[in-house]
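Note sheet for the following structure.
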Amino acid sequence: MPPVTRGFVGRRRRDVRLPPGQYDVGDQWPVLTAERAPHLDTDRWTFRVEGLVRREVEWTWDEIRALPRDRWDGDIHCVTTWSKFGMRFDGVPVDTLLEAAGPLPEARFVVAHSHSGYTTNLPLADVTGGRAWVVFEAQGRPLTREHGGPARLLVPHLYFWKSAKWVSGLRLLSDDEPGFWERNGYHDRGDPWREQRFQGD
Ligand SMILES: Nc1nc2c(c(=O)[nH]1)N[C@H]1C(S)=C(S)[C@@H](COP(=O)(O)O)O[C@H]1N2
Ligand SMILES: [Mo]
């Protein structure tokens, strides 16, 4: 194949990997935090699934760390237009946590809460089926405090504001209830491939 064609194909592949309106941030990993980054002690850390569940369940750090681990490799997309390719996160599938609590049939939405007060809402269907995790490691190393350590939510198929840093739990609801950015005009779902940045997109 002539070199000009190879180059064309290479560029196309990279474009296809980038959702509309996004740019490749390269090696940096920007930090975006609305609140003050909390100092969380793993001795007192908890994660709780509550709301429309058969039984509310709370895990300590040691308990959640003892659950079967899972890995996700892929790209992340922030609504402020940066995307970062080739991320690796390790943690626990949200499916595992929800199974323990037993979502009730009327549960259709979740609000993710952070120890720092941040909230973000998601359809339950977006955090089930192997598409969301509570993660403890990024790029093979413990999650740093600025990136949400000791644990954050990871919902990589949606804009990254849905991936609550310092996550403290999930509340299951029958009706959608906007979180912090959603009350300030951001989209309730936030699919980067449909460019759902703001309410009405
Ligand atoms: N608790 C909390 N989680 C948060 C945010 C935040 O301000 N507070 N920002 C969101 C946004 S807008 C993005 S893009 C990502 C940024 O994660 P990073 O700082 O690790 O890149 O976290 C999301 N989760
Ligand atoms: Mo973001």
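So here's what we get for this one:
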| read-out | value |
| --- | --- |
| Residue match in region 151-168 (condition: in contact with a strand residue (DSSP E or B) (Cβ under 9 Å, 6 or more places away or on another chain), more than 16 Å from ligand 2 (Cβ to nearest atom) and within 24 Å of Arg71 (Cα to Cα)) | yes |
| Region 81-107: number of residues that are open to solvent by 70 Å² or more (accessible area, probe 1.4 Å) and either in contact (Cβ under 8 Å) with a residue 24 or more places away in the chain or in contact with a helix residue (DSSP H, G or I) (Cβ under 9 Å, 6 or more places away or on another chain) (or both) | 2 |
| Region 112-157, residues that are more than 9 Å from ligand 1 (Cβ to nearest atom), under 19 Å from Asp41 (Cα atoms) and of a type in the set (D, E, K, R) | Glu137, Arg141, Arg145 |
| Within region 158-184, tally of residues that are within 8 Å of ligand 1 (Cβ to nearest atom) and open to solvent by less than 10 Å² (accessible area, probe 1.4 Å) | 6 |
| Flag for Arg71 being in a strand (DSSP E or B) and buried (at least 16 other Cβ atoms within 10 Å of the Cβ) | no |
| Single residue of region 23-47 satisfying the filter (away from ligand 1 (no atom under 16 Å from the Cβ) and among the charged types (D, E, K, R)) that is least open to solvent (accessible area, probe 1.4 Å) | Asp41 |
| Subset of region 68-119 (residues that are farther than 22 Å from Gly140 by Cα and of a type in the set (Ser, Thr, Tyr)) | Thr80, Thr81, Ser114, Ser116, Tyr118, Thr119 |
| Matching residues, region 124-148, being closer than 13 Å to Met87 by Cα and open to solvent by 30 Å² or more (accessible area, probe 1.4 Å) | Glu137, Gln139, Gly140, Arg141 |
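The values are calculated or read from the model by the stated rules, or taken from the named source; none is laboratory data. Treat the numbers as computed from the prediction; the structure is a model and nothing was measured. Virtual Cβ from ideal backbone geometry, glycine too; neighbours counted across all protein chains shown. Accessible surface areas use protein heavy atoms only, side chains included; no ligands, DNA or RNA. Shrake-Rupley method; radii C 1.70, N 1.55, O 1.52, S 1.80 Å.
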